[in-house]
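This is the structure I want to talk about, given as structure tokens.
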Amino acid sequence: MEFKHYSVMLSETVDLLKVKSGGVYVDGTLGGGGHSLEILNRAEGARLVGIDRDKEALAAAEKRLCEFKDRVTLVHDNFCNITSVLDRLGIDKIDGMVLDLGVSSYQLDNSERGFSYMTSSPLDMRMNKDDEKTAYDVVNGYDKDKLAEIFFAYGEEKWSKRIAQFIEEKREAAPIKTTAELAEIVRAAIPKGAREGTAHPEKRVFQAVRIEVNNELGVLKNAVSDALERLNTGARLAVITFHSLEDRIVKTAFSEAAKGCICPADFPVCVCGIKPQVKVITKKPILPSEEELKINSRSKSAKLRACEKI
């Protein structure tokens, strides 16, 4: 299957980075290489480090970026390990970084990967196929209280306890093996009245399981902090999120880094000595244009935020 990934808010993201000739840039979620290609096209002589935990994405990006191969370094890793990745490459500081936290169209549409509720496939959902934990392990191995907890926390699913109960009852007879089985259980658990007007009631549960399998939220805040530490003065970090949980983490991390002093408000002078690290460039997130939404409906939940190192 051909690797396809639409680069959300491509121009807006690279515009925010203010790329310059000879700079060093990191694409922490390489995907199909769209953002990386735009950076390389705009910044003459720039070096690009592309990180992805999906080997199939890396292979596709290598082909797409082949004309710049002498300026590109591809790394099979998780962007949360940005510090160790740059250390291994002997890079101290960088001039910009982009994180696109969305699941690629290839991953969603490839039935073997088990991300989609639209097809029947093995419960997998691993971004990195070398990881041990799969969606099968979560769905069949977690007790109902833990399942309900992640459905509510990561999927904001108000029927989380009922869905977890239905899963427990179903797997007592036989393990739940496919995405189609899981989707059917979720639909059955949500009362008909609550499903009306919702095209895909399974979406929130599938999102929650995917986040749990890949520990997506657990690594994000620290990854943002670590990335900011490696930015040169004036360099920018741009992050594209796809649900409110991710966006909240990024917004908070940027705000905390921009705040500086943490002394109580009634202190006459600062004694903590903490200085702001960044200035927030996007007071409100940038959203996809109407034109982009017509081309790629999957970008409708995307939000782009950026900050600049000071």
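Exceeding 19 Å between C-alpha atoms, which entries from my cross-link table qualify? They are 221/279; 177/300; 93/251; 146/303.
Beyond 19 Å between Cα atoms: 177/300; 93/251; 146/303.
Right, something else. Quick check for you: which residues of the stretch 284-299 have the amide N under 20 Å from the point 7 Å beyond the Cα of residue 198 toward its beta carbon?
Label zone hits: 298.
If you line up the long axis of helix 244-259 against the longest principal axis of the chain, both from Cα atoms, how many degrees apart are they, to the nearest 10?
30 degrees
Rounded to the nearest Å, what's the spacing between the alpha carbon centres of the stretch 66-86 and the stretch 114-154? Just the number, please.
Cα centroid to Cα centroid, the span is 28 Å.
Which three lengths, in whole Å and largest first, does the stretch 148-226 cover when its Cα atoms are put on their principal axes?
44, 31, 19
How would you order 265-275, 245-255, 49-59 from highest to lowest mean count of nearby Cβ atoms within 10 Å?
Ranked from most to least packed, the peptides come out as 49-59, 245-255, 265-275.
Using the basic label-point model (7 angstrom from Cα toward the beta carbon), what is the residue 70 to residue 248 distance in nanometres?
Taking the two extended label points, one gets 4.9 nm.
Students often check this: by mean Cβ neighbours within 10 Å, which of 29-38, 11-20, 216-225 ranks highest, and how do the rest follow?
Result, highest mean Cβ count within 10 Å first: 29-38, 11-20, 216-225.
Also: If I take every Cα pair under 8 Å that is 6 or more residues apart in the chain, average their sequence separation and divide by the length, what percent do I get for the relative contact order?
Here the relative contact order equals 17 percent.
Taking a probe of 1.4 Å, how large is the accessible area per residue of the chain, in Å²?
Dividing the accessible area of the chain by its residue count gives 48 Å².
Give the dimensionless ratio obtained when the Cα radius of gyration of the chain is divided by 2.2 N^0.38 Å.
1.07
How much net charge surrounds residue 46 when only other residues with a Cβ under 9 Å from its Cβ are counted (Lys, Arg +1; Asp, Glu -1)?
Within the 9 Å Cβ shell, the charges total +2.
Another one. Roughly how many debye, to the nearest 20, is the charge dipole of the chain about its Cα centre, given +1 on each Lys and Arg Cβ, -1 on each Asp and Glu Cβ, and no other charges?
720 debye
Right, something else. With just the Cα atoms of the stretch 246-288, tell me how far they stretch along each of the three principal axes, in Å, largest first.
Extents along the principal axes, in whole Å: 44, 16, 13.
Now a separate question. Give the carbon-plus-sulfur fraction of the accessible surface of the chain in %, rounded to a whole number; probe 1.4 Å, heavy atoms of protein chains only.
Solvent-exposed carbon and sulfur of the chain make up 49 percent of the total.
How high is the FRET efficiency between residue 15 and residue 132 when r is their beta carbon distance and R₀ equals 45 Å, given to the nearest 0.05?
0.70
Based only on the alpha carbon positions, what is the Kirkwood hydrodynamic radius of the stretch 204-308, in angstrom?
After inverting the mean inverse Cα-Cα distance, the result is 15.7 Å.
Taking springs between alpha-carbon atoms closer than 10 angstrom, which of 207, 277, 165 fluctuates most in the Gaussian network model of the chain?
Among 207, 277, 165, the largest mean-square fluctuation in the Gaussian network model of the chain belongs to 165.
Report, by chain and number, residues whose modeled amide H sits under 5 Å from the one on residue 231, excluding near sequence neighbours (fewer than 5 apart, same chain).
94
Which residues' amide hydrogens lie under 5 Å from the amide hydrogen of residue 26, considering only partners 5 or more residues apart or on another chain, with H built in the peptide plane?
The answer is 49, 96, 97, 98.
Any chance you could run the full-extension gain for residue 298 through residue 83? It's 0.36 nm times the residue separation minus the Cα-Cα distance, nm to one decimal.
Taking residue 298 through residue 83 to full extension adds about 74.3 nm, to one decimal.
If you build the Cα gyration tensor of the stretch 94-197 and take the root of 5 times each eigenvalue, what three semi-axes come out, in whole angstrom, biggest first?
Semi-axes, largest first: 26, 17, 15 Å.
Would you work out the relative contact order for the stretch 112-175, in percent, from Cα pairs under 8 angstrom that are 6 or more residues apart?
The normalised contact order for the stretch 112-175 reaches 20 percent.
Would you work out which of 152, 85, 9 lies farthest towards the positive end of the dipole of the chain, given +1 charges on the beta-carbon of Lys and Arg and -1 on that of Asp and Glu, about the Cα centre?
Among 152, 85, 9, the one farthest towards the positive end of the dipole of the chain is 9.
Per residue, what volume in Å³ does the convex hull of the Cα atoms of the stretch 1-150 enclose?
So the per-residue Cα hull volume is 133 Å³.
While we're looking at this one, here's another question. So what's the projected area for the stretch 271-310, the Cα convex hull averaged over all directions, in nm²?
4.0 nm²
Quick check on packing: order 237-244, 283-290, 75-82 by the mean number of other C-beta atoms within 10 Å, highest mean leading.
Output ranking for 237-244, 283-290, 75-82: 237-244, 75-82, 283-290.
The values are calculated or read from the model by the stated rules, or taken from the named source; none is laboratory data. This one's a predicted model, so the numbers in the text were calculated from it and none came from an experiment. Cβ: placed from backbone, ideal geometry, glycine included. Neighbour counts: every protein chain shown. Accessible surface areas use protein heavy atoms only, side chains included; no ligands, DNA or RNA. Shrake-Rupley method; radii C 1.70, N 1.55, O 1.52, S 1.80 Å.
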